[in-house]
Amino acid sequence: MTAAERALADIETYVAACGVLGRARITLGQVRELSSAEDGIALSALDADASALTAAADVAEAAVSAERTAIDDLMRAWHGGSGSAATDFLERQCEAAAGLLAALASAGEVIAALRDKLVRLMDIGADASMRVAGR
């Protein structure tokens with residue numbers, strides 16, 4: 001039995017004793033529900049998602065760079081109205097791709113921050129359980 005499991009068992013005993021004395025403000029079922037609330041949190045899935053988004057952003061960044069190089073080559077090789085129209089079209093596509101790149105990078109950062117915050121909150125919950133059990 002881990003320290004957190006022992007703390008939960010102590011809290012459950014305390015809640016049950018309060019119930020016997022008619023002083024319960026929380027039920028044993030609520031304690032169990034609250035203590036198992038984080039059981040379904042898959043931090044490894046958040047890590048994998050953040051890594052996948054970061055990798056996708058890296059690929060998108062390479063694609064945008066290659067597209068900009070292609071636009072420069074096209075501008076040097078194709079003059080006139082048709083060349084200008086083609087490069088304008090590709091520039092718009094490049095701007096859209098840059099927007100996607102920014103969104104991918106931002107999403108990866110948000111998921112990584114979410115994971116870090118969940119870890120902190122889980123640690124705070126475990127610490128609180130240990131403090132309550134120590135009383």
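The values are calculated or read from the model by the stated rules, or taken from the named source; none is laboratory data. Model, not experiment: these values are computed from the prediction. Methodologically, a virtual Cβ is constructed for each residue, glycine included, from the backbone with ideal geometry; neighbour enumeration extends over all protein chains shown. Ligands, DNA and RNA are excluded from the accessible area calculation, which covers all protein heavy atoms including side chains. Shrake-Rupley method; radii C 1.70, N 1.55, O 1.52, S 1.80 Å.
Condition check ((1) more than 30 Å from the chain's Cα centre (by Cα); (2) over 30 Å from E5 (Cα atoms); (3) not in a helix (DSSP H, G or I)) across all residues:
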position: S51; (1), (2), (3): no, yes, no
position: D58; (1), (2), (3): no, yes, no
position: A62; (1), (2), (3): no, yes, no
position: T69; (1), (2), (3): yes, yes, no
position: L74; (1), (2), (3): yes, yes, no
position: H79; (1), (2), (3): yes, yes, yes
position: L90; (1), (2), (3): yes, yes, no
position: L114; (1), (2), (3): no, no, no
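Within region 93-111, not a single residue is assigned to a helix (DSSP H, G or I), modelled with pLDDT under 90 and in contact with a helix residue (DSSP H, G or I) (Cβ under 9 Å, 6 or more places away or on another chain). Flag set for L121, criterion: exposed (fewer than 13 other Cβ atoms within 10 Å of the Cβ) and at pLDDT 75 or above. Restricting E91, E109 to residues that are of a type in the set (D, E, K, R) and under 17 Å from L53 (Cα atoms) narrows the list to E109. If only residues of region 1-32 that are modelled with pLDDT of 70 or more and within 19 Å of V119 (Cα to Cα) are counted, the one that is most open to solvent (accessible area, probe 1.4 Å) is E5.
Looking across region 85-99, the residues that are surrounded by 15 or more Cβ atoms within 10 Å (Cβ to Cβ) and of a type outside the set (G, A, S) come down to T87, L90, C94.
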